[in-house]
């Protein structure tokens, strides 16, 4: 949930409710005679009869109350309303007519990775950005790196963006801000990526200039049918990069949420290895991550 800080002002009738991101370009001052049709947050706040005026600018909402009530009796109720409304409309305005993209967030098995899912398709295939320096060819990733210091990696595929954070923040502190940036970026019609997306079928083609052998193709087909749907639903990707016949080892490339997931080793050993042994018992005995 969005974290709101409460700050008193010099005017005892006015209290500020501060967020950690920009709510609105410019500013807006509202009273009970204002047009609130596109500002659901204000409509909810004015349901409290003691609220006289609302001022919204930058990263805070200032509320002026009547003298008939004390802040200590109403402040938590106002804070709860603001938190709930910002979850639904992080940038204040509903933009009913112009909104093309809706973005919601999903947790993944990797606690450092959050998946932001759009109601519209973003790209065929996927791109993975592991550093800020390499994000220049992927504008959406570049925007995330420039806005948030905690962003480590960005993985974009189909209709979602998987963002990997560092340990300096918790997702409940920053989730709303990240979702708002992605939603605004898409809403404004900006280019998601200039880089050519990798193929879901053979993502290693950009890493090794060779075709799969017949055995590797069999392994890849099993991964695509039995493993990929569940893994990609969690914001990650596991692909075959090499098969070593001498040791009967299938080497996997971990990407997106999988690349730094603490449970990825268990997934490889307990899940994928068992599946491959079941379908190809004479071929695969071991599964190994090349970047896990």
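The values are calculated or read from the model by the stated rules, or taken from the named source; none is laboratory data. Worth saying up front: this structure is predicted, and the values here are computed from it rather than measured. Positions of Cβ are generated from backbone atoms using ideal geometry, with glycine treated the same way; all protein chains shown enter the neighbour counts.
Quickly run through segment 122-134 and pick out the residues that are touching a helix residue (DSSP H, G or I) at 6+ places or on another chain (Cβ under 7 Å) and surrounded by fewer than 22 Cβ atoms within 10 Å (Cβ to Cβ).
Answer for segment 122-134, where residues must be touching a helix residue (DSSP H, G or I) at 6+ places or on another chain (Cβ under 7 Å) and surrounded by fewer than 22 Cβ atoms within 10 Å (Cβ to Cβ): just 132.
Have a look at 193, 260, 228, 247 and point out the one that is outside any helix (DSSP H, G or I) and at pLDDT below 70.
Matching residue, one of 193, 260, 228, 247: 260.
May I ask you to list the residues in segment 62-92 that are over 24 Å from residue 174 (Cβ atoms) and not in a helix (DSSP H, G or I)?
The answer is 63, 64, 65, 66, 67, 68, 69, 70.
List the number of the failed condition for residue 27; all other conditions in (1) in contact with a helix residue (DSSP H, G or I) (Cβ under 7 Å, 6 or more places away or on another chain); (2) more than 17 Å from residue 174 (Cα to Cα) hold.
In the conditions (1) in contact with a helix residue (DSSP H, G or I) (Cβ under 7 Å, 6 or more places away or on another chain); (2) more than 17 Å from residue 174 (Cα to Cα), residue 27 misses (1) alone.
Looking at (1) more than 30 Å from residue 195 (Cβ to Cβ); (2) at pLDDT 90 or above, which is the only condition residue 89 fails?
For residue 89, the failing item is (2).
Tell me, yes or no, whether segment 41-51 has at least one residue that is closer than 30 Å to residue 162 by Cα, surrounded by 14 or more Cβ atoms within 10 Å (Cβ to Cβ) and not assigned by TED's automatic domain parsing to the domain that holds residue 141.
Yes, segment 41-51 contains a residue that is closer than 30 Å to residue 162 by Cα, surrounded by 14 or more Cβ atoms within 10 Å (Cβ to Cβ) and not assigned by TED's automatic domain parsing to the domain that holds residue 141.
Considering segment 161-178 alone, what residues qualify as being closer than 18 Å to residue 121 by Cα and touching a helix residue (DSSP H, G or I) at 6+ places or on another chain (Cβ under 9 Å)?
161, 163
Among the residues in segment 23-33, are any in contact (Cβ under 8 Å) with a residue 60 or more places away in the chain, surrounded by 15 or more Cβ atoms within 10 Å (Cβ to Cβ) and either within 23 Å of the chain's Cα centre (by Cα) or part of a loop (DSSP other than H, G, I, E, B) (or both)?
Yes, because at least one residue in segment 23-33 is in contact (Cβ under 8 Å) with a residue 60 or more places away in the chain, surrounded by 15 or more Cβ atoms within 10 Å (Cβ to Cβ) and either within 23 Å of the chain's Cα centre (by Cα) or part of a loop (DSSP other than H, G, I, E, B) (or both).
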